[in-house]
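Here the structure is laid out as structure tokens; the discussion comes afterwards.
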Amino acid sequence: MIRLDCPHCGPRDQTEFNYGGDGRIERPGDDASLTAWNDFVYTRDNPRGPHVELWQHTAGCRQWIKVARDTLTHEIIAVGTMGDDIEAKIADPDRGGVEA
Amino acid sequence: MTHYSVFSLLKNTLGGHKGWPRAWRDPEPKARYDVIVVGGGGHGLATAYYLAKNHGITNVAVLERGYLGGGNVGRNTTIVRSNYELPGNTEFYEHSLKLWEGLSQDLNYNVMFSQRSVINLAHSDGQMDAYARRGNRMRINGIDSELLSRDEVREKAPYLSFENARFPIYGGLSQPRGGTARHDAVAWGFARAADLRGVDLIQNCEVTGFIREGGRVTGVETTRGTIMAGKVGLAVAGSTTELTRKVGLDLPIESHVLQAFVSEGLKPMIDQVITFGAGHFYISQSDKGGLVFGGDLDGYNTYAQRGNLPLIEDVMTEGVAMIPALSRLRLLRHWGGIMDMSMDGSPIIDKTPIDGLYLNTGWCYGGFKATPGSGWCFAHTIARDEPSPYNTRLRLDRFARGHTIDEKGSGPVPKKH
Ligand SMILES: Cc1cc2nc3c(=O)[nH]c(=O)nc-3n(C[C@H](O)[C@H](O)[C@H](O)COP(=O)(O)OP(=O)(O)OC[C@H]3O[C@@H](n4cnc5c(N)ncnc54)[C@H](O)[C@@H]3O)c2cc1C
Ligand SMILES: [Zn+2]
């Protein structure tokens, strides 16, 4: 069981969340090229290791949150709100995450 | 090498089965091959076999980082079927099913292909209508299908929960030519047949990088040294993007874990492959007697070849809703494999924009049944530098062109396919 430390509700089981996929993708501007739109919809980095991803706390606060998780070990590296700078949290030596 | 036949069996029986030679060689890698296939799973081995058999290309190596058949080909629930609806999938999977029908003879290896039928259960009038449409569509495409009434299902599988309050069984859609095969035997059969035609099967040889000359891929770096190649084909299932990353090729692929389960052995009980129509659960019985079953993906990107508990609970719940007797059984083993989930749920067999590099990926949970067809088509694509008639629609650029093949209609969300 993966446990995610929801920044709004505290640590909860994965079964309360819905997985939203890669959290580093940015929506292109309306005038962006077709290639940029194709990448936004279809291309994924899919790393074997640290991965920033979106989860929605559907059975809790219903907020979307950002989670940095290692896809090989299931370690939760950092958790943050959508507005938080998750990359800074990953870099921070005193990480806030809860172990899987 | 021995030709397997009733005579070789008799001869070796008289010799106390001590005279069987090894099934394939264990060669040292050569400095150069015409074609290198990366990945010694079902697809890589089948590709090498058909390169040799159909195209006369025998200076071929299959490079496998572990042991042959240690990946998904040896981890799946062995279901073989071609009950698809969409162009792209229909012609490809039916071609593959036809190859299965002659495979044991072709390989001189018993892959134990058993056409015991695949039955999808329907739990409402609406679902029966949808199955009638799907069955008709299959027939129009020359694929066998049979709509079964509730009584016809009951005759075949009396132990199902027909009166279940939430999911009563209304009938089902059968593909009589579908069934199962012995997964390890498929890997071993293709390995032996490829080796017999001169293919080098190199195990414990991980590809760690690519050699490029003027943009073209001309070889691979491996844990057993550099090996040059005229062409390089990737058939590494869930590890695909870890390799394509090294040449800067972006893909519409996510890696997810799929779990499978086997129960203690029973006397014959389940004679077909049966799937639950009110969720995602499929079950069959192996020749050893164990019930082999599975369900959904765990649902998040992962490279860990092990699954998580919530999904196990989910699979068991669905299984017991469909066959209440399962609740009395003990689970013997469960395991996971890493799936190459594509953005539309359909596979990719194609050249890449990089010269000399060919791609076989996106198998989601359906790649075992595709094994012969995939090898056949990938060999054709590598040998002729163009797709065969069976994989013209399984191109990498279909996403950018807007020609996705989304059988389930769930959009670019890999965990949902
Ligand atoms: C639990 C489970 C149940 C399934 N059930 C079914 C089913 O019922 N029916 C069905 O049709 N399909 C099913 N599938 C899907 C099917 O098993 C796969 O789609 C198919 O096996 C993938 O192709 P493959 O056999 O070539 O993969 P694999 O056997 O995984 O082969 C890929 C090989 O590449 C090797 N490799 C990876 N990276 C490198 C590298 N860098 N260098 C060298 N080698 C490398 C790996 O070690 C591996 O051996 C299931 C899968 C799983 C996990
Ligand atoms: Zn919350």
### Query
Can you tell which of A:GLY49, A:ILE77, A:GLN63 lies farthest toward the positive end of the dipole of segment A:19-100, using +1 and -1 charges on the Cβ of basic and acidic side chains (Lys, Arg; Asp, Glu)?
A:GLN63
### Query
Taking the Cα centre of segment B:281-362 as the origin and placing charges on Cβ (Lys, Arg +1; Asp, Glu -1), which of B:ALA325, B:TYR303, B:MET341 is farthest toward the positive end of the dipole?
B:ALA325
### Message
Tell me the angle of helix B:89-101 to the major Cα principal axis of chain B, expressed in degrees between 0 and 90 and rounded to the nearest ten.
### Response
80
### CD proxy at 222 nm, helix term only [per DSSP H run n ≥ 4: -39500 (n - 2.57); per residue of the protein assembly as shown; nearest 500]
-7500 deg cm²/dmol
### Summary
Taking Cα atoms only, helix B:42-55 is inclined relative to the longest principal axis of chain B by an angle, in degrees rounded to 10, of 60
### Test item: Cα-centred dipole of chain B, Lys/Arg +1 and Asp/Glu -1 on Cβ, debye
760
## Note on the structure
One finds the C-alpha centres of segment B:1-63 and segment B:197-239 to be spaced, in Å, by 19
### Query
Considering amide H positions built from the backbone, and no H for Pro or chain starts, which residues 5 or more places from B:VAL62, or on another chain, come under 5 Å of its amide H?
B:VAL37, B:ASP200, B:LEU201, B:ILE202
### Task
At a Cα cut-off below 17 Å, give the aspartates and glutamates reachable from B:LYS351, other chains included and same-chain residues fewer than 8 away excluded.
B:ASP34, B:ASP250, B:ASP385, B:GLU386, B:ASP397
### Query
Can you list the lysines whose alpha carbon is less than 26 Å from that of B:LYS416, not counting same-chain residues fewer than 8 positions off?
A:LYS66, B:LYS369, B:LYS408
### Task
Express in whole angstrom the spacing between the alpha-carbon centres of segment B:242-292 and segment A:1-74.
26
### Summary
Answer in debye to the nearest 20: the dipole magnitude of segment B:25-72 about its Cα centre, from +1 Lys/Arg and -1 Asp/Glu charges placed on Cβ, is 60
### Query
What is the gain in length, in nm to one decimal, between B:SER327 and B:GLU85 on full extension, counting 0.36 nm per residue of separation less the C-alpha to C-alpha distance?
83.7 nm
### Query
Can you give the mean number of other chain Cβ atoms that lie within 10 Å of the Cβ atoms in peptide B:304-315?
2
### Query
Where the Cα atoms of segment B:208-333 are projected onto their three principal axes, how long is each span, largest first, in whole Å?
62, 29, 23
### Query
Dipole size in debye (nearest 20) for segment B:70-177 around its Cα centre, Lys and Arg Cβ +1, Asp and Glu Cβ -1?
200
### Query
Once both axes come from the Cα atoms, what is the angle between helix B:309-322 and the longest principal axis of chain B, in degrees from 0 to 90, rounded to 10?
50
### Summary
In cubic angstrom per residue, the convex hull of chain A built on its Cα atoms measures 109
#### Entry: From phi via Karplus (6.51, -1.76, 1.60), per-residue ³J(HN,Hα) for segment B:102-117 in Hz, x at Gly/Pro
x, 5, 4, 5, 4, 8, 6, 8, 6, 8, 6, 6, 10, 7, 8, 6
### Query
Arranged by the count of other C-beta atoms within 10 angstrom, fewest first, what order do A:CYS6, B:CYS364 take?
A:CYS6, B:CYS364
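Which entries in the list A:LYS89/B:LYS415; B:LYS53/B:LYS288; B:LYS30/B:LYS53 go over 30 Å, if you measure between the two C-alpha atoms of each?
Correct reply: B:LYS53/B:LYS288.
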### Query
Any idea what % of Cα-Cα pairs in segment A:9-51 are farther than 16 Å?
55
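Each value in this text was obtained by applying a stated rule to the coordinates, not by laboratory testing. Every value quoted in this text rests on a predicted model; they were computed, and no experiment measured them. Using ideal geometry, Cβ is built from the backbone for each residue, glycine included, and neighbour counts are taken over all protein chains shown.
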